[in-house]
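Here is the structure we will look at, set down as structure tokens.
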Amino acid sequence: MGKRRTFEVFTLSFLDTICCGFGAVILFYTILSAQAGAVRLKEHDDLSAEVNQLREEVQTGERSLAVLRDTLTRTRERVASATRETNRIVTDLASRREQLSSYDAQTVARREHIEKLKADIHSLEEGNRRLEAGSLERAPLGQQVSGRSAVERRYINGLILRGKRILILLDVSASMLHEDLVAILRLRNQDDAHKRAAAKWRRAVAIADWLMTQVPAASSYQVLTFNTQAQPLVPGGWLAGTDAAARARGMQALETLVPANGTSLYNAFAAARALSPQPDQIVLITDGLPTQGKTQGLRRYVNSAERMRLFDDALSQLPEHVPIDCVLLPMQGDLQAAHRFWHLARVTEGMLLMPSKDWP
């Protein structure tokens, strides 16, 4: 019998088969890994695209948010500005309503004052008619200086110089140049000769001259001129009514005066009160309410209400129990002046005279 062949498990063919199987498995996993990597790359690209898109949307949203914030800020500023404007308008409306109420009250008061003035004018007209109908009595001594015409005018206007010490206050402020403000400004820039020749100022000088000629012989007098300050026309205290030389010096001094500056009734009345002995009759020649008090104010323009306040302040400087006769040469537009001076004359038992342009 021949020799029996032995069986080997791990032959070359078997090893080849196993290697091929392992290689196939490795190849399979390699293919699977490659496919998985490609899928992940694709997913990564998709996610990256989505992230970029979201970033762009976020940036767009941030820009829109910034625009909205700016718009909101501007809107808030506009609302705040509108609120301030509304508050201003409401305040202005309330102020205008108060002014309207004040104007209404002033209108009613002015109507009442006008009615009172009409009654006084009617009373004066009745007195004038009685005086004209009666015989002309002889004037007291010292009032016949200007002759018959002066006596007639004294009775017609009712202005009688009856005091023992008569003070004439003559306004020499710039407003005495003319009744119209524009004309005053024009005359103020001209030379002194034109200012002295102004029609209104010549009337004031004539009135002062006429008053000096009407002083009774038994009385004494003085003329104080005033604008921002007051000073005597003729120095030396009270002048005798019979002193013709003093009257002549007074007229010469009047011809040299030039109206200028503002008006301070406060200083004029204070100067009258400082006289010793004090006057017992004052004749005030002026054209309107004062423009300053004791000193000049800070404001260049003084309205009507402020001028009335200055007038009321000036009254505190008047000598007590002295009648005030007011000769008013009114300014155009100074509506309150006539009433204030009429009231002053009335409460002091004096009189108010608003003469025509040919008087005296």
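The values are calculated or read from the model by the stated rules, or taken from the named source; none is laboratory data. It should be emphasised that the depicted structure is a prediction, and the values quoted were computed from it without experimental measurement. Positions of Cβ are backbone-derived with ideal geometry, glycine not excepted, and every protein chain shown enters the neighbour counts. In case anyone asks, the SASA skips ligands and DNA or RNA and just uses the protein heavy atoms, side chains included. Shrake-Rupley method; radii C 1.70, N 1.55, O 1.52, S 1.80 Å.
Just give me the residues in the stretch 160-179 being open to solvent by 50 Å² or more (accessible area, probe 1.4 Å) and either over 30 Å from ARG273 (Cα atoms) or not charged (D, E, K, R) (or both), in sequence order. I'd like the intermediate steps shown before the answer.
Here is the first cut: in the stretch 160-179, the ones open to solvent by 50 Å² or more (accessible area, probe 1.4 Å) are 160, 162, 164-165, 178.
Those that are open to solvent by 50 Å² or more (accessible area, probe 1.4 Å) and either over 30 Å from ARG273 (Cα atoms) or not charged (D, E, K, R) (or both): ILE160, HIS178.
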Exercise for the section: Run down ALA260, ALA183 and say which single residue is part of a helix (DSSP H, G or I) and within 40 Å of the chain's Cα centre (by Cα). Expected result: ALA183
Exercise for the section: Please indicate, with yes or no, whether at least one residue in the stretch 274-297 is surrounded by 15 or more Cβ atoms within 10 Å (Cβ to Cβ) and assigned to a helix (DSSP H, G or I). Expected result: no
Exercise for the section: Kindly indicate whether ARG78 is free of Cβ contacts under 8 Å to residues at least 12 places away in the same chain, surrounded by 10 or more Cβ atoms within 10 Å (Cβ to Cβ) and over 26 Å from TRP342 (Cβ atoms). Expected result: yes
Problem - Single condition LEU310 does not satisfy, out of (1) surrounded by fewer than 17 Cβ atoms within 10 Å (Cβ to Cβ); (2) touching a helix residue (DSSP H, G or I) at 6+ places or on another chain (Cβ under 9 Å); (3) not basic (Lys, Arg) - result: (1)
Handout entry: Verdict on THR242 being among the β-branched types (Val, Ile, Thr) and either within 32 Å of the chain's Cα centre (by Cα) or not in a loop (DSSP other than H, G, I, E, B) (or both)
Key = no
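Can we say ALA230 is small (Gly, Ala, Ser), surrounded by 13 or more Cβ atoms within 10 Å (Cβ to Cβ), within 22 Å of GLY333 (Cβ to Cβ) and out of contact with any Asp or Glu (no Cβ under 8 Å at 6 or more places or on another chain)?
Values: small (Gly, Ala, Ser): yes; surrounded by 13 or more Cβ atoms within 10 Å (Cβ to Cβ): yes; within 22 Å of GLY333 (Cβ to Cβ): no; out of contact with any Asp or Glu (no Cβ under 8 Å at 6 or more places or on another chain): yes.
No.
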Problem - In the stretch 331-346, residue most open to solvent (accessible area, probe 1.4 Å) [restricted to those that are of a type in the set (Gly, Ala, Ser) and over 17 Å from ASN303 (Cβ atoms)] - result: ALA338
